[in-house]
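Undergrad: Here it is, the structure in full.
The values are calculated or read from the model by the stated rules, or taken from the named source; none is laboratory data. This is a predicted model, so every value here is computed, not measured. Here the Cβ positions follow ideal geometry from the backbone for every residue, glycine too, while neighbour counts run over all protein chains shown.
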Amino acid sequence: MSQLTRFIMIPALIGALLGIGIILFNSTGETKPGYASAVELAAPAVVNIHTRTIRHANPICRFYKQLCQRFGNNAQVQRSLGSGVILQADGYIVTNEHVVKGADEILVMFASGQIAEASLIGTDPHTDLAVIQVTVEDLPVIPVSSSPGQVGDIALAIGNPFGLGHSVSQGIISAFSRAAITDDRPYDDFIQTDAAISPGNSGGALVDYRGHLLGINTMIVSQSGGSEGIGFAIPAYIAADVLSQIVNQGRVIRGWLGVELAPNFDNTQIGGLIVNVVAAGGPAFQAGIRPGDVLLSVNQLRTSIPADVTGEIANTEPGSELDLEVLRGNKRFRATAIAGELPPRN
């Protein structure tokens, strides 16, 4: 065999053998790319939600629906779509509050095609979460991730976009602790993702590469109205806590101080948070806190991030003491407030 022949044939033979090896190895399924196993685990625990809301022309029909239906009232029927996640095998499902708000009928379609009517158990408007229940036994439950993951990790959004049924989109975790997307949501602690989230995905699952729940998909930021790669999910730990409180005590209970806080941009060296508003008669007012004060710490927690303090207060049991360190002008002082219960939000 000539030197040229050896130069050509030996690499070709090696390449052929490697190719055959790869084909044989892949035929076992051990190195199959993709996230089919994650979807296989998670998707059965994600449901499609269809709601029906009857809007009557006559306001009295809200209280006498059967009478109005009998004699006619030109009622309009509004339908909406969403998604939900099964967190307990006994039929408890978490979804977004805006998916089921005001609905007269809630229907749940499972991945198997089975359809069941659901009852609204409770809502938490502060986090846009709701709990519904179906009387179906032995439901598949999605495993909750023990770790929130890291920025850059794979994230899969599973839900019911545009009413198409179970659908999966892929992206990554873009950021954590996205707060105050809207001014009236002080308890937001969103996971940001670029996995496509579209109308109908609300209430669905954001899962990791194993199929474990990271969060509940809830909203997007978009100029076009469609997915532009900036979506948000409520962390799984918040969803699990809301479900537990609603199921066990009928509502979500949070501590309340009665203040509105903002970062102290006027004096970043001192830090803390500026007290912009103090609720009249609230716990902070009774403790001597006034607008213009700078809240330096709450229960020894020093931070310049309003969401951190809001979370600390919310996790305080009503009736418990809150240790406050305050700056007023050039004077520092400590005050003790008795946490109240966060008033309900309509």
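Undergrad: Please enumerate the residues belonging to segment 155-174 that are at pLDDT below 95, of a type in the set (A, V, I, L, M, F, W, C) and outside any helix (DSSP H, G or I).
TA: Correct list: Leu164 only.
Undergrad: Pull up segment 314-346, narrow it to residues that are touching a helix residue (DSSP H, G or I) at 6+ places or on another chain (Cβ under 9 Å) and buried (at least 18 other Cβ atoms within 10 Å of the Cβ), then point me to the one that is farthest from Pro125 (Cα to Cα).
TA: Leu324
Undergrad: Name the residue that is surrounded by the most Cβ atoms within 10 Å (Cβ to Cβ), counting only residues in segment 94-116 that are free of Cβ contacts under 8 Å to residues at least 60 places away in the same chain and farther than 19 Å from Leu129 by Cα.
TA: Applying the filter and picking the extreme gives Ala116.
Undergrad: Next question, about the same structure. Pick from Ala205, Ala233, Ala239: which is surrounded by 20 or more Cβ atoms within 10 Å (Cβ to Cβ) and more than 28 Å from Ile313 (Cβ to Cβ)?
TA: Numbers: Ala233 fails: more than 28 Å from Ile313 (Cβ to Cβ); Ala239 fails: more than 28 Å from Ile313 (Cβ to Cβ).
The unique qualifying residue is Ala205.
Undergrad: Where residues in segment 296-334 are part of a helix (DSSP H, G or I) and not hydroxyl-bearing (Ser, Thr, Tyr), which of them is nearest to Ile253 (Cα to Cα)?
TA: Only one residue fits best here, namely Ala314.
Undergrad: Now for a separate question. Quick check on Tyr209: is it over 30 Å from Leu327 (Cβ atoms), out of contact with any Pro (no Cβ under 7 Å at 6 or more places or on another chain), in a loop (DSSP other than H, G, I, E, B) and in contact (Cβ under 8 Å) with a residue 40 or more places away in the chain?
TA: In short, yes.
Undergrad: Then there is this: Do we find a residue being within 14 Å of Trp256 (Cα to Cα) and of a type in the set (Asp, Glu) anywhere in segment 319-331?
TA: So far as segment 319-331 goes, yes, one or more of its residues are within 14 Å of Trp256 (Cα to Cα) and of a type in the set (Asp, Glu).
Undergrad: When segment 296-346 is examined, which residues are found to be touching a Pro at 6+ places or on another chain (Cβ under 6 Å) and among the hydrophobic types (A, V, I, L, M, F, W, C)?
TA: Selection gives Ala337, Ile338, Ala339.
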